[in-house]
């Protein structure tokens, strides 16, 4: 796999399960992982519910794909999006896909793309069913993409007490440090982050109100933290150790 910054990505958006307000943050987030070579959005554009998308699509050069609803209760948009995704997959011109929806119908699609050796970034609201979240390599909740500045993240920032009471979070962090540590119990922050990404695709420090993993871990007060010089001494890295271990 090529460097993440040079990955060629296909961005497919389910207009009926996403909001125009997330697009700026969405494309900024996607730029961290690669280049959006294809940007398509699917929906029945004859419906008044989707009128809010027009200005956003023009501004960010996102191609709208029209899909009429043939039968009430059946989501033809999902089918069209899945068919296009498979067509793009077979071109072998992409390194990964960004699937933007909160709909569990895309679970099998994400799994199929990963079976082909490509990476899948999922984007959806916190209500997104767990099977779809787990089927992706990484899943970003779109609520965090609405923040326009750093201060906005602090609005719902969890306190140390709240973080410690989050059993799932505590277990994820402790397990990652344990599995990434050396014989002395110290673990490099980057290794911890990599382990978490493999075990919990939906994990994101911003879900707890923190911009970076290091800030979140520091706030839990569950780990000893050391800043060490690395390489030629011109750069530093954070190392962690569970405070329960001496």
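Structure notes:
- Which listed residue, of 215, 202, is out of contact with any strand residue (DSSP E or B) (no Cβ under 7 Å at 6 or more places or on another chain) and at pLDDT 90 or above: 215
- Entirely in segment 1-111, the helices (runs of 4 or more DSSP H) that have 1 or more residues that are in contact (Cβ under 8 Å) with a residue 60 or more places away in the chain: 23-30, 76-91
- Search result, residues across segment 112-125 that are over 23 Å from residue 20 (Cβ atoms) and part of a loop (DSSP other than H, G, I, E, B): 116, 117, 118
- Residue 158 satisfies every condition listed in (1) closer than 27 Å to residue 218 by Cβ; (2) modelled with pLDDT under 95; (3) not in a loop (DSSP other than H, G, I, E, B) except (3).
- The lone exception for residue 128 - which of (1) exposed (fewer than 13 other Cβ atoms within 10 Å of the Cβ); (2) part of a loop (DSSP other than H, G, I, E, B) it fails: (1)
- Hey, residue 227 in the same structural domain as residue 16 (by TED's automatic domain parsing) and free of Cβ contacts under 8 Å to residues at least 24 places away in the same chain or not: no
The values are calculated or read from the model by the stated rules, or taken from the named source; none is laboratory data. What you see is a predicted model; the values in this text were computed from it and never measured. When we count neighbours, we look across all protein chains shown, and the Cβ atoms used for this are built from the backbone with ideal geometry, even at glycine.
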